[in-house]
Amino acid sequence: MRHTFLLFCLFTLSFSLTAQERVAPIIKDFGAIFDIPTATVKPDPTQVYKIVVDVFTGAEDPTDLSFGLNNVARMINLHAIGGVPAGKIDVVLAMHGGATFATLNNAAYQKKFGVDNPNAPLVKALKDAGVKLVVCGQSLLAREIPLESVLSDIEIGTSMLTTVSTYQLKGYAVFRF
């Protein structure tokens, strides 16, 4: 009888954990996460979060979202679900490396990969949420990408290195995706 009760408890617990749905409170269509109401370590909703993210990971398949960009959406959604108001998170992206291709406008992406840029709606959603998006000018030119091929919601920086160092010296925490 005791084993049956334990099996029932394990089954119920595993079902309740797997049945939970993902939520996306700020970046609605991207970066969905799980709410953990019983978490005891949460972000401080009174703190202003200043974060510069070194985004270097793209996608292996050109039809997929850039892992790094989607992870930024997750980070913002996680802070929101943890109680941080949207106005208390200030995020700057310094995109380079494999993430450079995610910054291409649709025409340039189509020319390179033969498909629409799946990251364009994510870039717009991040921008609409107040994220400052900057692509490394060095990465663009090293990959022979014309500067005018970048999505209009993305600024061009001198480099990822100078973008990160500038914001880090302004007190931003540095993440790397």
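Points worth noting:
- SER159 vs. criteria among the hydroxyl-bearing types (Ser, Thr, Tyr), touching a Cys at 6+ places or on another chain (Cβ under 7 Å) and farther than 16 Å from LEU65 by Cβ: yes
- Residues that are over 22 Å from SER139 (Cβ atoms) and not aromatic (Phe, Trp, Tyr), drawn from the range 41-75: VAL41, LYS42, PRO43, ASP44, PRO45, THR46, GLN47, VAL48, LYS50, ARG74
- Residue ID - farthest from ALA129 (Cα to Cα), chosen from residues in the range 71-100 that are open to solvent by 50 Å² or more (accessible area, probe 1.4 Å) and out of contact with any strand residue (DSSP E or B) (no Cβ under 6 Å at 6 or more places or on another chain): ILE81
- In this structure, LEU93 does satisfy being more than 13 Å from ILE26 (Cα to Cα), of a type in the set (A, V, I, L, M, F, W, C) and not in a helix (DSSP H, G or I).
- Qualifying residues in the range 23-63 (those that are surrounded by 13 or more Cβ atoms within 10 Å (Cβ to Cβ) and acidic (Asp, Glu)) - the one nearest to LEU169 (Cα to Cα): ASP54
- Residues of the range 105-153 satisfying the condition of being closer than 15 Å to ALA94 by Cα, open to solvent by less than 40 Å² (accessible area, probe 1.4 Å) and assigned to a loop (DSSP other than H, G, I, E, B): VAL131, LEU151
The values are calculated or read from the model by the stated rules, or taken from the named source; none is laboratory data. Just so it is clear, the model here is predicted, and its values are computed rather than measured. Methodologically, a virtual Cβ is constructed for each residue, glycine included, from the backbone with ideal geometry; neighbour enumeration extends over all protein chains shown. For the accessible areas, the whole protein counts, side chains as well, though only heavy atoms, and no ligand, DNA or RNA atoms are used. Shrake-Rupley method; radii C 1.70, N 1.55, O 1.52, S 1.80 Å.
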